[in-house]
1. Go through the stretch 201-208 residue by residue and turn each phi into a ³J(HN,Hα) via Karplus (6.51, -1.76, 1.60, θ = phi - 60°); whole Hz please, and just put x for glycine and proline.
2. Just the number please: accessible area per residue for the chain, 1.4 Å probe, all protein chains included, in Å².
3. What residues have an amide H closer than 5 Å to that of GLY216, excluding those fewer than 5 places away on the same chain, when H is modeled at 1.01 Å from N in the peptide plane?
4. Tell me, what HN-Hα J-couplings in whole Hz come from the Karplus equation 6.51 cos²θ - 1.76 cosθ + 1.60 at θ = phi - 60° for each residue of the stretch 268-280, using x for Gly and Pro?
5. With a Förster radius of 41 Å, plug the Cβ-Cβ distance of GLN154 and ARG315 into 1/(1 + (r/R0)^6) and report the FRET value to the nearest 0.05.
6. What figure in square angstrom, to the nearest 10, would you give for the accessible area of ASP233 with a 1.4 Å probe?
7. With label points built 7 Å along Cα→Cβ from the Cα atoms of ASP127 and ALA288, find their separation and express it in nm.
8. How do the peptides 106-113, 336-343 rank, highest first, by the average count of neighbouring beta carbon atoms within 10 Å per residue?
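The values are calculated or read from the model by the stated rules, or taken from the named source; none is laboratory data. Nothing here was measured: the structure is a model prediction, and the numbers come from that model. Note that we place each Cβ from the backbone using ideal geometry, even for glycine, and neighbour counts take in every protein chain shown. Remember, those area values only see protein heavy atoms, side chains included, never the ligands or the DNA or RNA. Shrake-Rupley method; radii C 1.70, N 1.55, O 1.52, S 1.80 Å.
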Amino acid sequence: MKKNLKDLQVSLGAIFDEHSSYPLSFGQDQKALSVLETRSIVCDRSHWGLIELTGEDRLHFLHNQTTNNLQSLKKGQGMDTVFVNSIGRTLDLATAYVKEESLWVLVSPNRRTFLMEWMDRYLFPMDKVTLKDISDSYRIFTLIGQTSSEIIKQLGAESLTQQLEGNHALISWQEIPIVVIVGSGLKKTGYTLIVSSENAPKLWTILMELDTIPAGEYLWESLRIHQGRPSPDHELTEDYNPLEVGLWYAISFNKGCYIGQETIARLNTYQGVKQKLWGLQLSEPVLANTVIKVGEVKVGILTSCSGHFGLGYIRTKAGGEGLTVQVGKATGKVVSVPFLSHEYYQSAQ
């Protein structure tokens, strides 16, 4: 009898809770972190959302809904882009991939239903676009670590190891169709593999045989906080705009109109970012939503924390990198994080 994916993961020590269909941990998170410079880990991100757009207007439609210049993409390419509301506040950081006859959008786990409804709201009868949530039909595994390129070569996708982040290709390995994508979703070397739910157990077994270490949501959450990748309901909320978050790289200031464009353009033109998202080295762990202070003055809020490291918004006037703050009972030092930047874009004159 063939094992399903969950049974395979349980046999490797996976821990689930009653509410999750994805592994929280494999009981070896510290070991997995320690081998990133010599081996690779595999994170199961199958609970993330995957939305498919078809129809000849698909790329133009998504281009008009989000912040980046998606119409510059060609088949086999992809890029990060931000969904924002009409006043430029963040809804989600997503990644769009241009395929042969469709457009795939990888979205955060708790945003798939919301974004399906959000996009459907902006579909007009004349738009030649069809939306479909295909999340349950696929499984998503992300390779992260020093040996990830070698593993991809062994799977027959060597050409991708020299390509830009977001580029992708459909390969067949041991009769398994796999979409291999350059990028780990973090600023760490890696690749993301999307495979049908039916073939997921076989691919998982292959990856385990290639000397990888399995990892769950707890480890991914730690990595994303240390890297500075913002997450919905934490850093990505309608209280903040993508410039405050530090997602400048995912915004095009030359693409023309899109939802929220006027607000974002105005903030850039007049350098109106009043708060910024930073990393925080902490003297002790602190709960999210704890106030950040300089002396007795509130200057921000902690949004996420993993161990002695957190992410938080700090008022621009209070300072930035190098600033010493108080976060609850902890002392914190403001530091930059790999995923974010806070440089203003100067449009060509």
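1. Using θ = phi - 60°, the values come out as x, 5, 5, 4, 4, 4, 5, 5 Hz.
2. Details: 16170 Å² over 349 residues.
Accessible area per residue: 46 Å².
3. Distant-sequence amide H within range of GLY216: PHE26.
4. Those phi angles translate into 5, 4, 9, 6, x, 6, 8, 8, 9, 8, 10, x, 9 Hz.
5. Values: r = 49 Å, r/R0 = 1.20.
Here the calculated transfer efficiency is 0.25.
6. 100
7. With each label placed 7 Å out from Cα toward Cβ, I get 2.9 nm.
8. Working: 106-113: 19.2, 336-343: 16.2.
Those peptides, ordered most packed to least, come out 106-113, 336-343.
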